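The values are calculated or read from the model by the stated rules, or taken from the named source; none is laboratory data. If you're wondering where the values come from, they're calculated on a predicted model, not measured in any experiment. So basically every Cβ, Gly included, is an ideal-geometry build from the backbone, and we count neighbours across all protein chains shown.
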Amino acid sequence: MNALPKNPLPKNPLLEQFLSEARDLLEGIGQKLMQLEDAPSDQNLINELFRMVHTLKGNSGLFTFPEMTRVLHAGEDLLGKVRNGELAFSRELTDHLLSAMDFVGMLSNEIEQTECIDASRAADAVRLAESLRALMPEAAITSAESSTTAPSTPIPAQSAVAAMPPLTEIPEALRMEAFRRCGDGENFHWIAYQPAPDCFFQGDDPFLRARQTPGLLWGRVLPAEPLPPLAELDTYKCSLQFHLLTAALHEELAEYFRYVPDQVEMVAIDPLWLTLSERKSESQSNFSEAATLAEKSSPAAIENAAALTRLLAAQQKILALDDHPAWLSGRLKAVASVLKNLANSVGYAEAANQIEASLGTALAAASGLPLLDWLNAHQSQFTVKLVPQAAANESRSNAEEESSTPAADDGIKYGRRADDGIKFGRRAEDNQTGPRSLKVDQAKIDRLMNLIGELIVEKNALPYLAQRAEARYGVRELSREIKGKYSVINRIADEMQDAIMQVRMMAVSIVFQRFPRLVRDTSRKLGKEVQLVLEGEQTEADKNIIEALADPLIHIVRNSLDHGLETPEVRRAQGKPETGTLTIRAAQQADRVVIEIVDDGKGIDPAVIKRKAYEKGLIDEAALERISDREAVNLIFAAGLSTAAVVSDLSGRGVGMDVVRTAVEKLNGSVIVESEVGKGTSIRISLPLSMAVTQVMVIESDGQLFGVPMDNVIETVRVPRRSIHRIKQSMTAVLRGRVVPLKALNGLLGITAQPRANMDDELSVLLVQAGGGELGLLVDGFRETLGVIQKPMAGFLSNLSVWSGSALMGDGSVLMILNIREIV
Amino acid sequence: MPIEFKKNRAVFQDEVGVEEAEGLLEWLQKKPAAKADLSNLSHLHTANLQVLMAAKAEISKWPENAELRAWLQPALKPAV
């Protein structure tokens, strides 16, 4: 886990989902494979296994992970055979499939860390896929696979220098250019690219691929087999092959050909080959061998003197050539560098300078003789140097073996070493980094949330304690220290709460992502042209809020589409663009999320709403006259109101907007409509970011404390007793020019005591928002506002709808939270 | 049209995709003596290249694109 990416990449959510699913599927596949070993004939298990591998393969195809897809595809084919009864399930099969799945798992880890697969995996993928296909019954191998097995060894790290490629085909000028560039430190590869016969069907264009090979210096196309007469030619079968010479690096080429690694054969070119091609008949075999060995000229590679001798002999032969080609100097340099490497590898240090000197002479004389003379004179030195070094190597390894023996005997003492030994057997686990995201049961997070809630409440007890220490016991010092500690604990607890809330946060995009489809389908059905604009998808809020938001939003969007936006003809007639715009916008404002759904449709006519509401008996005649247009528009949220003349399958049953309001209010949110006839409608939903902490205002009445959610509170005022008017049984007061009904909290709660006034004979009025109107609650006094963790009433008490819940106060007492809507 | 079939001459334009190969093959079968004008060709799908190679069609004009010409000339020139 320490070697995580240096710069955290912006994650693609689709990719993240793929990885998490892949991990689950791999685990499932592993389990099923094990189960199948015990019950090899269980058809259900096989079907399930097949389906899982198939799903995983399909998913991997969404991304550019050909290595993964290749292996999974082979596994799928194999399982298909098993499913059709063409192949019996065997332990060997399980082994291969398990190792293939380990490979896929490793790739997933790699993708997770770097978002791509290293090109070097392609060869492994081919090998694995081949080993899987090798398990299939012969007859089943289709054309696609036959090409896989036929021509090639997969791109191995450039070790296999089987035979020298036909470099003579390359025009000499180009070959010389390549040779010159080799001298500048470039490396060339020869590529034989034999496209699969059916590659056209896969949308492949081998010629294009060949043309665009990175670092391409030369290339040619030729028939893989003699082309048939025109009449018999199959246009859709690729029967060409390509030879390429490129200066690109091996990794680069492996990456470029990663989709067709099985069709490509790559050979690293030794510069010597480029110079030699002319005289291939004579000494090709020697040279290629020499080149092979020179390439491997690390001390370990040259282990026997015979190889060395052969190598030196080859150099002698080259030098002895008596032709004088234009590239003689290059040839001499090449020989000199081979000699130097050889000398280095056997530890013949003083050779380097001598070779340089001889090379200088040779170049000046334009002849290989000076170098040849030197080589003849010093050849024996090479072998002499080699022998002791080999002996030293051997003795060193012996010593190591010996020293490790006691370690095995004394496992405890050499605990670290013993560990090293164990690691050997853990192939599958070696590279395993844990997944970086956790799937956690929500209950566990909720528990954390509860615990932090308790901690916050307990922490609030400290100031009381400090007060008591000072007031009761008179120890001021201690009181101050407690306060100091309190501020530290306060900070940590707050941060912890924040962290836990973050865990529960989700982006609104989770809900938003279903709208494009919904809008498209719905507008199609209605014959309307609608453009959907989503904004602020990254806004985050608590998981519960986000989830509860989905349904109300769908209602609103449907309503907008059905009632709000007009058909193209109507819009055109009104001079609006034919395509209506529906904007869904989310933003965070302080500790609330605000979601706006705005359309540029026909708007809501308050007159119509008023009339409808009156007809349905939702408002009385007096209200009909009194309410403002703004209030009228908000009547659409009242239960049982629908403005659409006809009930459609989309909306019009008059439940939609009512449901919206209920759902939003359940989340302590509010919803407001603003609309202008002919211009459009905007619906604003405002929700708390998190439901965990509720802000409440503490009030006092008849010596008891109660909490009122701050969402309900409009303001607190003191009203002189004489400005309160009694109209029949009810009290009213004029506040800021408005007539506000007043009710005594005591009365509402069935407490007989009268509201108490203060010294100036003023009554405390808590102005609250309740059921669409304002109401003044007469209380005895106001206290502080608190952030509390509200606990719902449990058991029998939950039937008391007057209370929305209870909370613990800092001094340990219980605060009952009023449900304002219910008591008025 | 990526390939314009004239009386005795096929004129290749820009990029010639795989879907042309079948038509090209049929046309060349009917007119074995036809020539191909590749001067404005920028890319030829492998399938078409294969057909041209098999038909040993005579090339009246080589592509102006030098890189493409370097590929096509050795493959399509009649062996001397």
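So the values come out like this:
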| read-out | value |
| --- | --- |
| Looking only at the stretch B:2-11, and only at residues there that are out of contact with any Phe, Trp or Tyr (no Cβ under 9 Å at 6 or more places or on another chain) and either surrounded by fewer than 14 Cβ atoms within 10 Å (Cβ to Cβ) or not in a strand (DSSP E or B) (or both), the one that is modelled with the lowest pLDDT | B:LYS7 |
| Residue ID - farthest from the other protein chains (Cβ to nearest Cβ), chosen from residues in the stretch A:201-218 that are crowded, with 16+ Cβ neighbours inside 10 Å and in contact with a Ser or Thr (Cβ under 7 Å, 6 or more places away or on another chain) | A:GLY215 |
| Pairs with Cβ under 9 Å, 6+ apart, first in the stretch B:54-74 and farther than 15 Å from B:GLU15 by Cα, second of a type in the set (Phe, Trp, Tyr) and surrounded by fewer than 17 Cβ atoms within 10 Å (Cβ to Cβ) | none |
| Residue match in the stretch A:442-458 (condition: under 30 Å from A:ALA22 (Cβ atoms) and in contact (Cβ under 8 Å) with a residue 60 or more places away in the chain) | yes |
| Residue ID - nearest to the other protein chains (Cβ to nearest Cβ), chosen from residues in the stretch B:50-75 that are part of a helix (DSSP H, G or I) and over 21 Å from A:PHE200 (Cβ atoms) | B:PRO74 |
| Residue that is farthest from the other protein chains (Cβ to nearest Cβ), among those in the stretch B:12-34 that are farther than 21 Å from A:GLU232 by Cβ and surrounded by 19 or more Cβ atoms within 10 Å (Cβ to Cβ) | B:PHE12 |
| Meets criteria (at the interface with chain B (Cβ under 9 Å from one of its Cβ atoms) and more than 38 Å from the chain's Cα centre (by Cα)) for A:LEU245 | no |
| Strands (runs of 3 or more DSSP E) wholly inside the stretch A:728-824 containing at least 1 residues that are hydroxyl-bearing (Ser, Thr, Tyr) | A:730-735, A:762-770, A:781-789, A:803-808 |
| So B:ASP37, is it more than 14 Å from every other protein chain (Cβ to nearest Cβ) and either farther than 21 Å from A:GLN241 by Cα or out of contact with any Cys (no Cβ under 7 Å at 6 or more places or on another chain) (or both) | yes |
| Residues of the stretch A:695-724 that turn out to be aliphatic (A, V, I, L, M) and surrounded by fewer than 16 Cβ atoms within 10 Å (Cβ to Cβ), as a count | 3 |
| Only listed residue being assigned to a helix (DSSP H, G or I) and more than 16 Å from A:ARG133 (Cβ to Cβ), chosen from A:GLU37, A:GLU92, A:GLU67, A:GLU76 | A:GLU37 |
| Residue count, the stretch A:782-802 (criterion: surrounded by 13 or more Cβ atoms within 10 Å (Cβ to Cβ) and more than 24 Å from A:LEU455 (Cα to Cα)) | 2 |
| Selection count where residues are outside any helix (DSSP H, G or I), of a type outside the set (Asp, Glu) and buried (at least 21 other Cβ atoms within 10 Å of the Cβ), scope the stretch A:540-574 | 2 |
